[in-house]
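First up is the structure itself, then whatever we jot down about it.
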Amino acid sequence: MPADLRPDPRYFNIGEKKTVTSDDLQQVTIGENETTIFSKMVPGDKVAWFGHGQEDREYAKAFIYADLVASGNGTGTAGDAIEGELVAVYTDSEQRHVLASTTVDSLGELSDAKADTRTDRPVFEAHGEHANPERHLEFRILPNSASTGMEIDPSASEARLYYSQS
């Protein structure tokens with residue numbers, strides 16, 4: 001059974017902040033189960049973890065949003081909102097097994113956050129444990145039933161998510 005990723009103070013003020021934007025997302029069709037929309041292998045000489053900094057808004061460094069929309073291929077019309085949950089997972093080196101995961105937030109909340117001022121957006125503080133070298137960091141969509149079959153359109157979507165590396 002995969003481990004639960006949780007905010008972890010040991011990772012709050014270390015590592016290099018890495019940004020994931022809609023340009024980094026894959027144009028994929030959302031299945032009934034979790035569908036990977038971003039994947040990054042941890043380099044052989046590094047460790048990595050989701051989020052960055054701490055939760056306290058006065059010191060927070062990772063304010064996130066994700067407004068993900070359909071391309072019009074598959075079900076749905078171009079520009080339709082993709083609904084469900086955004087999930088962060090670590091997988092093994094072959095991307096076959098989930099080793100750890102956490103639900104980041106609902107896509108509805110993350111979409112609404114795009115209109116907020118930066119410091120009013122949800123905070124994605126550092127989550128531990130870290131992923132070891134050659135593991136994969138993935139952001140996935142767990143869709144609601146209406147979004148199953150939609151293809152994500154990275155060029156029409158907007159997102160700012162974070163992971164850290166050391």
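Want the number for T21 to D116: 0.36 nm per residue separation, take away the alpha-carbon distance, what's left?
Between T21 and D116, full extension yields 32.5 nm more.
List, in order, the whole-Hz ³J(HN,Hα) value for each residue of the range 121-128 obtained from phi through the Karplus relation with A = 6.51, B = -1.76, C = 1.60 and θ = phi - 60°; use x for Gly and Pro.
Per residue, the Karplus-derived 3J(HN,Hα) values read 6, x, 9, 10, 5, 4, 10, x Hz.
Counting only C-alpha contacts under 8 Å and six or more residues apart, can you give the relative contact order of the chain as a whole percent?
44
What's the long-distance tail for the range 1-74, i.e. % of Cα pairs beyond 20 Å?
Here the long-distance tail beyond 20 Å is 48 percent of all Cα pairs in the range 1-74.
For the range 54-166, with every protein chain kept in place, what is the accessible area per residue (1.4 Å probe, Å²)?
44
Quick one: putting +1 on the C-beta of Lys and Arg, -1 on the C-beta of Asp and Glu, what dipole do you get for the chain around its Cα centre, in Debye to the nearest 20?
Dipole size: approximately 460 debye.
Under the Karplus relation 6.51 cos²θ - 1.76 cosθ + 1.60, θ = phi - 60°, what is the ordered set of whole-Hz ³J(HN,Hα) values for the range 48-53, x standing for Gly and Pro?
Listing the rounded values in order: 8, 8, 7, x, 7, x Hz.
Using alpha-carbon pairs under 8 Å, 6+ residues apart, how would you state the relative contact order of the range 69-138 in percent?
29 percent.
Taking loop as defined by DSSP and a crowding limit of 12 other beta carbons within 10 Å, which trypsin sites (Lys or Arg not before Pro) in the range 30-98 fit?
Filter output for the range 30-98: R57, R96.
Please report the carbon-and-sulfur percent of the accessible area for the chain; probe 1.4 Å, protein heavy atoms only, DNA, RNA and ligands left out.
Roughly 41 percent, rounded to a whole number.
Report which label in (i) 0.96; (ii) 1.29; (iii) 1.07 holds the value of Rg/Rh (Cα atoms, Kirkwood Rh) derived from the coordinates of this structure.
Calculated Rg/Rh (Cα atoms, Kirkwood Rh): the matching label is (i).
Can you list residues whose amide H is under 5 Å from E151's amide H, if they're 5+ apart or on another chain and H is modeled 1.01 Å from N?
Amide H neighbours of E151: I30, S71, G72, N73, T75.
R0 = 22 Å: FRET efficiency of E158 with D45, Cβ-based, nearest 0.05?
The computed FRET efficiency comes out at 0.10.
Taking only DSSP H segments of four or more residues, each worth -39500 (n - 2.57), what value at 222 nm results for the chain once the sum is divided by all its residues, to the nearest 500 deg cm²/dmol?
-1000 deg cm²/dmol, from helical runs alone.
The values are calculated or read from the model by the stated rules, or taken from the named source; none is laboratory data. What you are looking at is a predicted structure, and each value in this text was computed from that prediction instead of being measured. Quick reminder, even Gly has a Cβ in these numbers, built from the backbone with ideal geometry, and neighbours come from all protein chains shown. Accessible surface is based on the protein model in full, side chains and every heavy atom, while ligands, DNA and RNA are left aside. Shrake-Rupley method; radii C 1.70, N 1.55, O 1.52, S 1.80 Å.
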